[in-house]
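Colleague: Quick one: this structure, given as structure tokens, is what I'll be asking you about.
Every number in this text was worked out from the coordinates using simple rules, so none of it is lab data. Note that the structure is predicted; figures quoted are calculated from it, not measured. Neighbour counts are summed over all protein chains in view; Cβ atoms, including those assigned to glycine, are modelled from backbone coordinates with ideal geometry.
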Amino acid sequence: MQYLQQLPEAGTYKNTYLAIGSFDGVHLGHQQLIKTLVDKAKANDGHAAVLSFFPHPKMFFGRETENFYITTVPQKLRYLDAIGVETAIILPFETELSQTSASAFLNKIHSALDLCGLWAGADFSFGHKREGNLTWLRSVTQNSNISINEFPAYKVADETVSSTRIRAALYKGDVACARTLMGRPFKLDGVIEHGDHRGSKIGFPTANLSFDLANIRPMNGVYATRMTLGNEVIDGVTNVGVRPTFKTGEVRPTIETFLFDFNRDIYGEAASLDFIDFVRPEQKFDGIDAIIAQIQNDIETAKDILKTKE
């Protein structure tokens, strides 16, 4: 898959079938839509492409400031590639783009991509002051060869799958629900960094995962997880939070994982952490003995969970 951060030169592609949206999470609804687009492009000797933006307009305009993105750009690209997208265009969302009219933007993408099909969500809008939507698109393209298509609703448990629904689940710590809606575990990518080594002092050394505060993190608590290091996948138990037993006041949250049957220096290594299920909320303890006892219980609980989750 080709990844672009600007529109290609006119004539680069022909007969492009394009989906436009944020695609945060690349959830089951996104996957169904994009698979349909890819199949249609193949059947009609066309080109399957996705157009998205970064940062998300909500982040750009300050309506969200942190704890928001379900997927990072590299994650999104991997998932789109796996579905069969041929070209992913992620345009930098900045002032000039935000002030571009819907008509001018449509002309730009049609000139660059030779559109023959365009898909967007029912609530999708674009252009200055959000003037472009599906109704507008159908109106201005009615005399063209461009077909305008609405994302079909994809439902799980009688509710439409959406990025908003996934965020709500993660904010509640319901990583199992998020997994159901995305078709895979919620994942955080980062690098293993040094912490304050409190875990090592009490016999439970942890791998501390770096992360961007703009990316969503599950509700503070303890989770059964799997960490990928290179080609290794290691079961573990992860604490997300601020460690209230030791910290007071405003503290940057941490993500610390105790890896089962693992003893290797991995500082500085890239890692991916899959959240499999919730174990318990974060809590404050009266002392070290209580912490140790609870960690031992958490380890057993997480092991039991992971036995049943492949």
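Colleague: Give, in nm to one decimal, the length gained when the segment between ASP45 and THR100 is fully stretched (0.36 nm per residue of separation minus the Cα-Cα distance).
Modeller: Contour length minus the Cα-Cα distance gives 16.7 nm.
Colleague: Right, next: So if R0 is 45 Å, what FRET efficiency would PHE262 and TYR171 give, r being the distance between their Cβ atoms, rounded to the nearest 0.05?
Modeller: So, using R0 = 45 Å, E works out to roughly 0.90.
Colleague: Note the full-extension length gain between LYS129 and THR12 as 0.36 nm times their separation in residues minus their Cα-Cα distance, in nm to one decimal.
Modeller: 39.1 nm
Colleague: Separate question: Find how much the distance from ARG280 to HIS194 grows on full extension, using 0.36 nm per residue of separation minus their present alpha carbon separation; answer in nm with one decimal.
Modeller: 28.5 nm
Colleague: Starting with the highest mean, order 212-218, 160-166 by the number of other Cβ atoms within 10 Å, averaged over the residues of each peptide.
Modeller: 160-166, 212-218
Colleague: A follow-up question, please. Could you tell me, in Å, what Rg and Dmax come out for the Cα atoms of the chain?
Modeller: In order Rg, Dmax, the Cα atoms of the chain give 22.2, 74 Å.
Colleague: Follow-up. Which net charge results for the neighbourhood of ALA104, defined as the other residues with beta-carbon distances under 15 angstrom from its beta-carbon, given Lys and Arg at +1 and Asp and Glu at -1?
Modeller: After counting each charged neighbour, the total is +1.
Colleague: When Lys and Arg each count +1 and Asp and Glu each count -1, what net charge do the other residues less than 9 Å away from VAL237, Cβ to Cβ, add up to?
Modeller: -1
Colleague: Taking K and R as +1 and D and E as -1, what net charge do the other residues with C-beta under 11 Å from the C-beta of TYR69 add up to?
Modeller: 0
Colleague: When only C-alpha pairs under 8 Å and at least 6 residues apart count, what is the relative contact order of the chain, in percent?
Modeller: 17 percent
Colleague: When DSSP beta bridges are limited to those with both residues in the chain, what percentage is antiparallel, rounded to the nearest 5?
Modeller: Of all bridge pairs located within the chain, approximately 60 percent are antiparallel.
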